[in-house]
Structures are given as structure tokens and as C-alpha cells.
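Notes follow the structure.
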Amino acid sequence: VSGPKVIASLSNERVKFIRSLAMRKVRRRTGLFIAQGASVIVSARDAGWTPRILVYQLGTAERGIYLQLDRWAEKAQAERLEVGAAVLGKLAATDNPQTMLGVFEQRWHAPPQPRSLATDDVWLALEAPRDPGNLGTITRTVEAVGARGIILIGAACDPFSPESVRASMGSIFAVPFVRLSEDQFKNWVKGWQGDVIGTHLASTTDFRSVLYRGPSLLIMGSEGPGLSQQLAEVCTQLVKIPMAGKLDSLNLAIATALTLYQIRSAQLHV
Ligand SMILES: C[S@@+](CC[C@H](N)C(=O)[O-])C[C@H]1O[C@@H](n2cnc3c(N)ncnc32)[C@H](O)[C@@H]1O
């Protein structure tokens, strides 16, 4: 049984490598990403993921959940690194570093076969989302409502960025991600069997007045420009969330949550 490697130096090569995963180009090249915090790493374990690297603060892996996670990482033949608080703080690159950090392989899925879906299945498609905090919040909501997964269309931000992973609070390990160019999406969506619902500020249909024909595919527009004409054209329903104030739109994550809850309302019970 091999023990963890103890790293004291901030200039250690492994420390530099893990830090570099904060950069999108390094995540793209390596296919890896970082998740922080013991409870998030427990979500990864429970969802059947294993880490490539597990880093924890010196002395913490001797008891409780830390010991269990260390054993799990050892069984998975992950690299285990024990580091001081200063190194962990540098790796986390936040004001509030956690005592544990895992490096995992990103998972990308093929789009679902429309004919294989059940009537109450819901998929979410996001047109070029820009804000990773929104994307992480949406990921968490997709898990909460029991939707099947997220399709990212076009130039989307990275769901595996530190900000998105943090906002997803562990749901990054539960929600399948698909990425498609706009043309690939338009081709694939032709086979969709139920409603394709677009949320659009110019619609005059209240999102609560529609009977959604499943399987449902919900398409949300981008934070800046909103839903493009090209994607609005593939929708069978365009709906709007009414707003009382003098604002022009709701935040993307809020609008997504309201619409997903409406579509899934019959399937959700306390
Ligand atoms: C921040 S909004 C984009 C606003 C953009 N300026 C526009 O004109 O569409 C991002 C996305 O959230 C959804 N959204 C936000 N508020 C909405 C509302 N009241 N009704 C329907 N969709 C809404 C739409 O999908 C929109 O494309």
C-alpha cells in the first residue's frame, strides 16, 4: 500500500500543473478539471466517478470522511497528494480554500436518440451561455427537476470551469453534457418527437398556459443577444415568463429554473 506524497513547496511541478487547470486551454488540452470540497467529492464518488488526483491538507486524511475518500482514491489508483495550507490555498485560488480538492476527467456525451426518450423526459438546450456561474446554477437546477441533461449549442462557456463547478455544488457529476455546433443541433433536433419550447421575450404566450407535449426540449437564449432567429425557427412553442417591473428580462438561470419547474410540475412532489 503506497502512502500519499507530501508536498511542501509552492513551486512543485504537480502544484503548478493543478493550478494550470484553472485555464480553459489547459482543461481543453488535458480533458481534466478540478472540483473542491469534501462534500462535492463525495457527490463525485456517489455518482460513480473516480479522481485522477486527490489533494488534501496535511493531517486531515486520518479520520472520518477524509479517510474514506483517501481509501477510495487509493483503490482507484489515483495520485494522492498531502499538502500544507499555503499550497492548498494557492491551488484553490480562492479566498476560502477547502481542505480537499480532486482532479477528474471531463465527460462529454453524444446527443440522445430522440426516439429512445420517454414522454416525460426533458432535455435542456442552452444557446451559447456566457456566464459560468449561471451555467453551474442551471446544472444544479437540472438535477433538481430530474431533467436528463444539458446540450450546449455553439460558443458556450465551459461547464468544467472552476466557477461553474463551484456553482453546481456537485451536480456537475450528475448531469450529462452534450456539445453541438448550431448546424449539428439544427440537424439533430429534426428528429425530436415532442415539443421544442423556446423562451422568447417577444412571445405573447404565458409559459404557464401551455400544455407541453413530451418529451420536451427547452431552448434558452444567450445572456446578451437572447434566442437567435435560427433557433426560434426550430421551436414548436415560443413562451414568455410575465414580468411586472420595467426590466427587459430575467437572469438566464432564473428563467431556466422557472420554465423547467413548469414543464416538470406534474412529475415533482415533495
Ligand atoms: C438575459 S435573457 C436575454 C435578454 C436579451 N436581451 C433578449 O432580448 O432576449 C437570457 C434568456 O433567458 C430567457 N428569458 C429571460 N427572461 C425571460 C422572460 N421573461 N420570458 C422568456 N424568456 C426569458 C430567454 O431565453 C433569454 O434569451
>> For the chain, what does the helix formula give at 222 nm: sum of -39500 (n - 2.57) over DSSP H segments with n ≥ 4, over the residue count, nearest 500 deg cm²/dmol?
In response: -9500 deg cm²/dmol
> How much of the accessible area of region 126-270, in percent, comes from carbon and sulfur atoms when a 1.4 Å probe is used?
Replying inline: 51
>> From the protein chains alone at 1.4 Å, what is the descending order of accessible area for 23, 169, largest first?
In response: 169, 23
> Residue by residue, what Karplus-based ³J(HN,Hα) values in Hz, rounded to whole numbers, does region 76-90 have, using 6.51, -1.76 and 1.60 with θ = phi - 60° and x for Gly and Pro?
Replying inline: 7, 6, 6, 6, 10, 10, 9, 9, x, 4, 5, 5, 4, x, 5
>> Using only alpha-carbon positions, what ratio does the radius of gyration of the chain give when scaled by 2.2 N^0.38 Å?
In response: 1.12
> How much solvent-accessible surface does residue 186 expose, in Å² to the nearest 10, with a 1.4 Å probe and all protein chains in place?
Replying inline: 60
> So what is Rg over Rh here for region 117-170, counting just Cα atoms and using Kirkwood for Rh?
Replying inline: 0.99
> Working from the pairwise distances between different alpha carbons, so that the mean of 1/r is found and then inverted, what is region 123-270's Kirkwood radius in Å?
Replying inline: 15.3
> trypsin sites (Lys or Arg not before Pro) within region 215-270: which are DSSP loop residues with at most 14 other Cβ atoms inside 10 Å?
Replying inline: 246
> If one computes P(r) from the Cα atoms of region 72-210, what percent of pairs lie at distances over 21 Å?
Replying inline: 55
> Quick one: Kirkwood hydrodynamic radius for region 187-242, alpha-carbon pairs, angstrom, one decimal?
Replying inline: 11.5
> What are the lysines whose alpha-carbon lies under 29 Å from the alpha-carbon of residue 16, with same-chain residues fewer than 8 places away excluded?
Replying inline: 5, 25, 75, 90
>> Pick from 244, 92, 35 the residue whose mean-square fluctuation is largest in a GNM of the chain, springs joining Cα atoms under 10 Å.
In response: 244
>> Under a crude label model (7 Å from the Cα following the beta-carbon direction), how far is residue 267 from residue 202 in nanometres?
In response: 3.1
> What is the distance, in nm, between label points placed 7 Å from the Cα along the Cα-to-Cβ direction at residue 144 and at residue 30?
Replying inline: 3.2
>> Please compute the alpha carbon radius of gyration of region 48-128, then divide it by the globular-protein estimate 2.2 N^0.38 Å. Two decimals is fine.
In response: 1.56
> In µm²/s, what is D for region 151-199 at 4 °C and 1.567 mPa s, where D = kT/(6 pi eta Rh) by Stokes-Einstein and Rh is the Kirkwood radius from Cα pairs?
Replying inline: 103
> Rolling a 1.4 angstrom probe over the protein heavy atoms, how many square angstrom per residue are accessible across the chain?
Replying inline: 49
> By how many nm would the segment from residue 63 to residue 233 lengthen if fully extended, with 0.36 nm per residue of separation less the alpha-carbon distance?
Replying inline: 55.5 nm
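The values are calculated or read from the model by the stated rules, or taken from the named source; none is laboratory data. Predicted model, so just to flag it, every value in this text is computed and none were measured. Quick reminder, even Gly has a Cβ in these numbers, built from the backbone with ideal geometry, and neighbours come from all protein chains shown. Just so you know, the surface numbers come from the protein's heavy atoms only, side chains and all, with ligands and any DNA or RNA stripped out. Shrake-Rupley method; radii C 1.70, N 1.55, O 1.52, S 1.80 Å.
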